[in-house]
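What follows is calculated from the coordinates using simple rules that are stated; it is not laboratory data. On a predicted model such as this, the values are computed, not experimentally measured, just so you know. Here the Cβ positions follow ideal geometry from the backbone for every residue, glycine too, while neighbour counts run over all protein chains shown.
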């Protein structure tokens, strides 16, 4: 008889935990990187062999579609002494949550990988400096900070 008394509370406890776990799982929806992962077709365009640094004035700040099936990207147009170039920062959902605000007219220095995108020169940024603030977007290996927790050695 004593065994039955102990089993009933244990079954009730396990049942309550299963209900709690199911409710917790329903409250969170994961969407992945939205095509911005390191091994995506776009992510593989970044090449540490083409790194360079530019300085100039921000002409525009936009959200743009990048490639098929990708979430919108944060994008700058920067005017340097040599050229006006598109600079790809990363997924808009990530940049919107950062403390560094970049506006047209800002003077910036950008380190990134030079690519050709839509038949035009562009830079995939790894780091942006605005005054004394630095926004790091990729690590030394070119791995995006927004997906760093998935980095595999």
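Hey, for a label at residue 109 modelled as a point 7 Å past Cα toward Cβ, could you say which residues of the range 117-146 have their backbone N under 17 Å away? In the range 117-146, the label zone of residue 109 (backbone N under 17 Å from the point 7 Å along Cα→Cβ) covers 125-138. Dividing the alpha-carbon radius of gyration of the range 43-150 by the rule-of-thumb value 2.2 N^0.38 Å gives 0.98. Normalised by the number of residues in the range 43-150, the average gap of Cα pairs under 8 Å and 6 or more apart makes the relative contact order 26 percent.
Projected label points at residue 127 and residue 81, each 7 Å from Cα along the beta carbon direction, are separated by 2.1 nanometres.
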